[in-house]
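Take a look at the structure below.
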Amino acid sequence: MYRKFLDLGLQPLANKYLSKKDLIKKKEHLYHLEVGFNKKSKLVSILNTVPSKKMFDKKYPYRASMSKTMLNSFKNLSRNIAKNFNPDLIMEIGSNDGSFVKNFNKKKVICVEPCSNVAKITQKMGYKTFSNFWNMKLAKKIKSKVKNIDLVYSANTLSHIQNLNSVFNSIIHVLSDDGVLIIEDPSLLECFKQVSYDQFYNEHIYVFSLLSIKYLLKRYNLEVFNVEKLSTHGGSLRYYIKKISNNKFKINKKVKMQLNQELNFGLNKYSTYIKFRNNVEKSKRKLIKIFSKLKKRNKKIIGYGATAKVNTILNFCKIKSETLDYFLDTTPGKAGKFMPGSHLYVQRYNKILTNQADYVFLGAWNFKKEIFKKEKKYIKKGGKFIIHVPTPRII
Ligand code: JHZ
């Protein structure tokens, strides 16, 4: 049973950017975004879920390759995988535009990607790609074609699938007995520390902690043998998982350390979740105050990075075109469209436009380092950014 701790109001589907036609014709689907905590399993989940087919379709816009940070992270991981595990066959669940698999030989990888427009990218690159949702039916199909898989990797995908029972049973079905499962997703601990409540939106059905992953895995005779903290997506955890029967890998002491950090923070206690809710309310008030002060002084403010997650902020804080002129974004499938809910325009990225703004609100705050590097000129001429984590402020 989930106990609700956060109500982020009515929200649109985060990756449904609208065309001009949609704006006129389409009634946007809104759903109530509430988040709950399960004391027993320690899982944190949104309470009203949307069917996967509605979220991940043939028009899915997100491309991992839009960020150098992500490309580098995948490259480094690929090197480590080759060095430490030397797998014959890898499967990636949620392969998106091939940002990870492109580091491997085409014969060594199987891609799973339900969004057919995105799956086409890795198919064209020459990688065997199944354009299906990950479930037992697909696992059986794959198993009938190949021998066991040595390494299954999934970044920012398993947290998007509601039926975790199906997820793990299907993985066990294809994974060799001494195989390794590596998953990475935003870390609940970091989300709470940063008050990054925008990690909650329809696609993020779960925000995992090591506590919840550990509890879950037991049911499938799996265990975490190593965990790595990543700076990607505002602070993620990469879990290295094996079958309990596999004695090839020792449990790294980082596992215990991470568990202790999560327990010391109180991720096992409902009161921590109430504290988080209060922090979210404070964050909302502060952000609105910053914007209204700047608008009173007639400042030109634009958004940077039309991320899925920023839609939670825009719709929760009711930030619209009175505040932000538009959002800049490099993603081809987002440019020329309108953000869900707020209907702010997404302008194709152009450096000149950043330089025309007085203030830039960072929707892609998780790539702050990369963006600051790119926008040196704007910073040099005194341009300022607005960021909402860990507390809304101008920098
Ligand atoms: P980014 C998506 O979330 C959706 P989003 C999904 N649910 C998920 O879990 C994560 O990804 C993994 C743009 N940008 O990665 C590109 C610039 O314009 O934070 C993207 O639209 N200029 C699957 O959407 C957005 O920002 C830049 O210089 O929250 C970044 O989106 C850079 C670096 C990015 O994920």
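Miscellaneous remarks
- Qualifying positions in the range 185-199 - within 11 Å of the ligand (Cβ to nearest atom) and either of a type in the set (A, V, I, L, M) or closer than 16 Å to Ile161 by Cα (or both): Asp185, Pro186, Gln199
- Count of the range 347-395 residues which are of a type in the set (Phe, Trp, Tyr) and more than 15 Å from the ligand (Cβ to nearest atom): 1
- Residue pairs whose Cβ atoms lie under 9 Å apart, sitting 6 or more positions apart in sequence or on different chains, and linking a residue in the range 236-253 that is without any contact (Cβ under 8 Å) to a residue 40 or more places away in the chain to a partner that is in a loop (DSSP other than H, G, I, E, B), are Ile244/Asn221.
- Per the listing Ser176, Ser131, Ser154, the residue uniquely over 13 Å from Val112 (Cα atoms) and either modelled with pLDDT of 95 or more or in contact with a Ser or Thr (Cβ under 8 Å, 6 or more places away or on another chain) (or both) is Ser176.
- Here Met70 fits the description: in contact (Cβ under 8 Å) with a residue 60 or more places away in the chain, within 12 Å of the ligand (Cβ to nearest atom) and not in a loop (DSSP other than H, G, I, E, B).
- Condition met for Thr331 (within 14 Å of the ligand (Cβ to nearest atom), buried (at least 17 other Cβ atoms within 10 Å of the Cβ), part of a loop (DSSP other than H, G, I, E, B) and hydroxyl-bearing (Ser, Thr, Tyr)): yes
- Being buried (at least 17 other Cβ atoms within 10 Å of the Cβ), modelled with pLDDT of 95 or more and farther than 20 Å from Val167 by Cβ holds for only one residue in Ile90, Ile110, Ile81, Ile142, and it is Ile81.
- If you go through the range 271-318 and keep only what is within 16 Å of the ligand (Cβ to nearest atom) and in a loop (DSSP other than H, G, I, E, B), you end up with Gly305, Ala306, Thr307, Ala308, Lys309.
- Residues within the range 357-395 that are in a helix (DSSP H, G or I), of a type in the set (A, V, I, L, M, F, W, C) and in contact (Cβ under 8 Å) with a residue 60 or more places away in the chain, tallied: 3
- Applying the condition of being more than 12 Å from the chain's Cα centre (by Cα) and crowded, with 21+ Cβ neighbours inside 10 Å to the range 148-160 and asking which residue is nearest to the ligand (Cβ to nearest atom) yields Tyr153.
- Given (1) under 16 Å from Gly94 (Cβ atoms); (2) outside any loop (DSSP other than H, G, I, E, B); (3) within 16 Å of the ligand (Cβ to nearest atom), number of the condition Ala139 does not satisfy: (3)
- Checklist (1) in a strand (DSSP E or B); (2) more than 21 Å from the chain's Cα centre (by Cα); (3) without any contact (Cβ under 8 Å) to a residue 40 or more places away in the chain applied to Lys4, failing item: (3)
To keep it simple, each residue is scored yes or no on (1) closer than 23 Å to Val50 by Cβ; (2) touching a His at 6+ places or on another chain (Cβ under 8 Å).
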| residue | (1), (2) |
| --- | --- |
| Lys140 | no, yes |
| Asn156 | yes, yes |
| Asn163 | yes, no |
| Val180 | no, no |
| His204 | yes, yes |
| Phe208 | yes, no |
| Lys218 | no, no |
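- Boolean, Glu34 is away from the ligand (no atom under 15 Å from the Cβ), free of Cβ contacts under 8 Å to residues at least 60 places away in the same chain and either of a type outside the set (A, V, I, L, M) or assigned to a loop (DSSP other than H, G, I, E, B) (or both): yes
The values are calculated or read from the model by the stated rules, or taken from the named source; none is laboratory data. As the structure is a computational prediction, the values presented were derived from the model and not from experiment. Cβ: placed from backbone, ideal geometry, glycine included. Neighbour counts: every protein chain shown.
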